[in-house]
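Structure first, commentary second.
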Amino acid sequence: MNIIELILSLHAVKIKTKIIQYCFSSFVIGLTLPLVVHCQPVPESSAMKIQVNKVNLFDVYDPGIRTGLLYDLETNEVVWGKDINYAYPIASLTKMMVALLVLEDVQNCSADWNDRLEMRTTRVNYVKRKKVYRTITSSYSLDAMLHLAMIASHNEACNVIAFHLAGSVEAFVERMNERAESLEMTNTFFSNPNGLPAVQAKYDNSSSAHDILILTLELLKYPELLAITKIGYDEIESDRGSSLFRNHNRLVIDFENEVDGLKTGFTRNARYCLAATANKNDRRLIAIAIGAPTRVARNDFVAGLFSSYYDYLKIGRLGLSDSEYLAYLDRKSGINSKDSVSNLPAGLKTVMKTVWSRERIHHTVRAGETLSSIGNKFGCSVTSLKKWNRLRNSTIIKGQKLVVYTLVKKQIEVEEEMLQPGDSDEDLPDSTAAESSNKIWQSSNEQSQNELYYVVKPGDTLWSISKQFDGISIQDLRNWNELQKTSVLKPGMKLKISNGS
């Protein structure tokens, strides 16, 4: 009987053990299932043969680039090209391969955007005419580090990423070359992850326009990258605070919402390089320029490639709305708007009228300028500038472009019967009037025939206005217009400069 009980107890223990193992395995599967769904292996790159036109479809001014091309993603063809299979130094275009490896490692869960990376920088301070070196360690997330590499083109950020993903720079460079080989980038060679010149020029990172196009097409599979490269001014955070960086790709700033990438590069050997993408009316193009003589020539050439081909397709041009593009076509075809005057009804004619209109302009920040000084220049407040440009604080940097809404004087064509005094509070006299009529507007009210008014312009003050007219003081202007504070002056408002006596 004891033997039977012993056998039954052992059998019960086995059953309990199996139940525990089954429950534990189910628990582990439940934990790992979300990771399996989220982390998927990087799909194999499908080698799509790129069609190359033997003859360029349009003409564009070539400032002397070494190699370049324009690719239409919809038709899968290179519509303009120059020596696209010749390899040249590419400088910081190297960082595009770094970005690709980061994106792939995040996708297959070898890395995470929230991983913390430490970057050490050395600063030099002078104490009693002696150099004092100070090492500062900052902690960034992997996402912020990629922002530094692609927007600020930070070289040390690429080295830190290399250490984090591969354990050493050498191992990461080996991965870069292996990935280039798998993408069939046959004319590409990497010796470092940041694009800086090698000890010997023959070991510089090099590639061809065709290979950079293949790399760009692979990067476009990741929308999160374009979300980074389309940022004009980026505030990147670390454990020590945040810093504002300007995108080295000026076209992203000049043609906002049209050009959304990708990367610039420059060294003395490579000269000025740029791989850019644009999307206008859902037609995506890729332009590559390697070895341009100057930064301005590079940017103008790439913008010209985009605009010329969009014009060739009758889609438009960069920076022009549909109405502005139609006006551009009219000027291009020689159509003069004055030809339509003959279609007016008999007895009517058109004349030129000067008006003030509120327009959106871009102001490039100069050295020493602040939001306050810019606001005084254009007659707007600091709060308005922050709102228009979505600024968190008052920090601006040299070269930054700010959106400003200001009054601009224009001459427009109108029918003669529309020119009635007092039609609009912002109307100005005709330019054919006397010289003083550019400043003064005379009231048409019968009860105040002798009252004269001055239209305030941006930058005007009561002192500057009083100096333009003899016998008028600042106190007179305040009394006649019931002004308590000078700050109430706004461009476009009318000031009485005579009380009719």
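The values are calculated or read from the model by the stated rules, or taken from the named source; none is laboratory data. Bear in mind the structure is a predicted one, so any value in this text is a computation, not a measurement. Every residue, glycine as well, gets a Cβ built from its backbone with ideal geometry; the counts of neighbours run over all protein chains shown.
Annotation: Gln107 fulfils all but one of (1) crowded, with 18+ Cβ neighbours inside 10 Å; (2) under 29 Å from Ala198 (Cβ atoms); (3) in contact (Cβ under 8 Å) with a residue 60 or more places away in the chain; the unmet one is (2).
Taken together, the criteria exclude Ser307 from residues that are surrounded by 19 or more Cβ atoms within 10 Å (Cβ to Cβ), within 17 Å of Lys95 (Cα to Cα) and not β-branched (Val, Ile, Thr).
Listed by first and then second residue, the pairs linking a residue in the range 308-333 that is in contact (Cβ under 8 Å) with a residue 24 or more places away in the chain to a residue that is part of a loop (DSSP other than H, G, I, E, B) and aliphatic (A, V, I, L, M), with Cβ atoms under 9 Å apart and 6 or more places separating them unless they lie on different chains, are Ser308/Val60; Tyr309/Leu57; Tyr309/Val60; Tyr309/Ile315; Tyr310/Leu318; Tyr312/Leu57. When the test is whether a residue is buried (at least 17 other Cβ atoms within 10 Å of the Cβ) and of a type in the set (A, V, I, L, M, F, W, C), Ile136 does not pass it. Condition (residue is over 21 Å from Asp234 (Cα atoms), modelled with pLDDT of 85 or more and out of contact with any Asp or Glu (no Cβ under 7 Å at 6 or more places or on another chain)) applied to the range 365-373: is it met by at least one residue? Looking through the range 365-373, at least one residue is over 21 Å from Asp234 (Cα atoms), modelled with pLDDT of 85 or more and out of contact with any Asp or Glu (no Cβ under 7 Å at 6 or more places or on another chain). Any chance the range 243-265 includes a residue that's touching a residue at least 40 places away in the same chain (Cβ under 8 Å), buried (at least 19 other Cβ atoms within 10 Å of the Cβ) and more than 14 Å from the chain's Cα centre (by Cα)? The answer is yes; a qualifying residue exists. One residue alone among Ser92, Ser153 is surrounded by 15 or more Cβ atoms within 10 Å (Cβ to Cβ), in a loop (DSSP other than H, G, I, E, B) and of a type in the set (S, T, N, Q), and that residue is Ser153. Inspection of the range 243-251 finds no residue satisfying the criterion of being assigned by TED's automatic domain parsing to the domain that holds Lys95 and touching a Pro at 6+ places or on another chain (Cβ under 8 Å). May I ask you to verify whether Ala144 is assigned by TED's automatic domain parsing to the domain that holds Lys95, crowded, with 17+ Cβ neighbours inside 10 Å, not β-branched (Val, Ile, Thr) and not in a strand (DSSP E or B)? So Ala144 passes the test. Each residue in the range 165-219 was checked for being part of a helix (DSSP H, G or I) and small (Gly, Ala, Ser), and 6 of them qualify.
Within the range 359-391, the set of residues being outside any helix (DSSP H, G or I) and among the hydrophobic types (A, V, I, L, M, F, W, C) comprises Ile361, Val365, Ala367, Cys380, Leu391.
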